[in-house]
1. Taking the stretch 348-368, which residues are under 24 Å from residue 34 (Cα atoms), under 16 Å from the mean Cα position of the chain (by Cα), among the aliphatic types (A, V, I, L, M) and open to solvent by 10 Å² or more (accessible area, probe 1.4 Å)?
2. Would you mind telling me which numbered condition in (1) in contact (Cβ under 8 Å) with a residue 24 or more places away in the chain; (2) surrounded by 17 or more Cβ atoms within 10 Å (Cβ to Cβ) residue 175 fails?
3. Picking from 126, 110, which residue would you name as being open to solvent by 10 Å² or more (accessible area, probe 1.4 Å), touching a residue at least 24 places away in the same chain (Cβ under 8 Å), under 30 Å from residue 57 (Cβ atoms) and in contact with a Pro (Cβ under 7 Å, 6 or more places away or on another chain)?
4. Could you grab me the full set of residues in the stretch 369-428 that are touching a Ser or Thr at 6+ places or on another chain (Cβ under 7 Å), of a type in the set (Val, Ile, Thr) and open to solvent by 20 Å² or more (accessible area, probe 1.4 Å)?
5. Condition first: more than 13 Å from the chain's Cα centre (by Cα) and of a type in the set (S, T, N, Q). Now tell me which residues in the stretch 84-101 satisfy that.
6. Only one of 54, 66 is of a type in the set (A, V, I, L, M) and within 20 Å of residue 113 (Cα to Cα); which?
7. For the stretch 162-172, which positions are in contact with a strand residue (DSSP E or B) (Cβ under 9 Å, 6 or more places away or on another chain) and either surrounded by fewer than 18 Cβ atoms within 10 Å (Cβ to Cβ) or more than 18 Å from residue 126 (Cα to Cα) (or both)?
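The values are calculated or read from the model by the stated rules, or taken from the named source; none is laboratory data. On a predicted model such as this, the values are computed, not experimentally measured, just so you know. Don't worry about glycine lacking a Cβ; one is built from the backbone with ideal geometry, like all the others, and counts go over all protein chains shown. Each accessible area value is taken on the protein alone, full model and side chains, heavy atoms only, with ligands, DNA and RNA left out. Shrake-Rupley method; radii C 1.70, N 1.55, O 1.52, S 1.80 Å.
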Amino acid sequence: MALWILNGQVWNEEAGRLESRHVRIEGGLIAEIVEGQQQPDTAGCEVIDAAGKLVSAGFIDMHVHLRDPGFEYKEDIITGTRSAAKGGFTTIACMPNTRPVTDTPETIEYIRSKAASEGVVNVLPYAAITKNELGRELTDFAALKAAGAIGFTDDGVGVQNAQMMKDAMALAHSLGMPIIAHCEDDSLVEGAAVSEGSFARKHGLKGIPNESEAIHVGRDVLLAEATGVHYHVCHVSTEQSVRLIRLAKQIGVRVTAEVCPHHLVLSDEDIPGLDSNWKMNPPLRTPRDVEAVIEGLEDGTIDIIVTDHAPHSAEEKAKGMQLAPFGIVGFETAFPLLYTKFVRTGRWSLGFLLQRMTSDPAKVFGLASGRLEPGAPADITVVDLETERKVDPETFLSKSKNTPFGGWKLYGFPVATIVAGRTVWADV
């Protein structure tokens, strides 16, 4: 049965405004988009009335943690994909720091099979660069690619050995695959829980310096230049990293980068106390760093927005700032945070935000989705831009509730998510 999304507001990039459109979906694809003043024949079709709502290509999140296999008490593919759908995401890419680590074809196949049978959004698995993410021996890149891995990363830890990283880049390049890097020099971060800054000084905590991230970025762009690999920098958080990536792009290195909503809207000066829901890696940095990553996103130095959705149990987060694990959940707050902070205030156009969450990640990673046009996959998000709602972690579809944004009043919450022409979540 065909599906019509009627009376939606679609962003017209050339005109720089929202315009009324009807969208017809058939066979899992967008069949046609017609002007709002027309009255399409919807006989025999499913109909969604999106009057007054934004209709966009589905959001794409290229950095998430589903915790499956091994840590299903935090999250699993079922709850994680439903949480993603509630946040408007139709495609997500999951990191390999699971247990077992996603370093064999069998684990890749497990994730793909479970996502296909029990998940509700598209799930793209990354594979580890090194076996067990220990940094000692490369995984079988060719076998992992054949099993369906979309890239290689030891996210959660940085690859400490430069020769190991260079060998990984050369091998990935030979296979036409990207290297996705968590940039962190372990010798600078041991025992630290927050950024080196005002909050750390106030509470007598050891701080994580900016250089811990930037040193790896600098090293890796040189290795990427030498090997020709597509090198992608995870969760950029520092002014120094932005500067290095900008320079690398200027001289032609094939480097792309991502940033998370929390690094765009929060600094270490916002942390209210020793609440581990504000503990993440990379940590919240200074206001100067925040402005640098915003400007980096705006000028194209940073290519895409990701959530780094990182669920943990309440018991784990109750261990306090020093002992609790790093990470916050992100699916269900990402778009409302950025829409409220940057679009409603006039700093960004709506089109800019949508581009960084749809077509740009699709372009960076060679995906067919991310487009609202005939012939594209019918992965679509419908968003209420006008209603203010309060963030209530207890309503999250994620198993975990670890967020610093509880109680925030935001605009721009998704109200329906469609994947391959099927409605997988709706605010009914």
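1. The one that is under 24 Å from residue 34 (Cα atoms), under 16 Å from the mean Cα position of the chain (by Cα), among the aliphatic types (A, V, I, L, M) and open to solvent by 10 Å² or more (accessible area, probe 1.4 Å): 354.
2. So the condition that residue 175 fails would be (2).
3. Only one candidate qualifies: 110.
4. 424
5. Matches in the stretch 84-101: 97, 98.
6. Every option except 66 fails the conditions.
7. Scanning the stretch 162-172 gives 164, 167.
Yes/no matrix, rows are residues, columns are (1) open to solvent by 50 Å² or more (accessible area, probe 1.4 Å); (2) of a type outside the set (Asp, Glu); (3) more than 28 Å from the chain's Cα centre (by Cα):
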residue: 16; (1), (2), (3): no, yes, no
residue: 32; (1), (2), (3): yes, no, yes
residue: 41; (1), (2), (3): yes, no, yes
residue: 45; (1), (2), (3): no, yes, yes
residue: 50; (1), (2), (3): no, yes, no
residue: 56; (1), (2), (3): no, yes, no
residue: 66; (1), (2), (3): no, yes, no
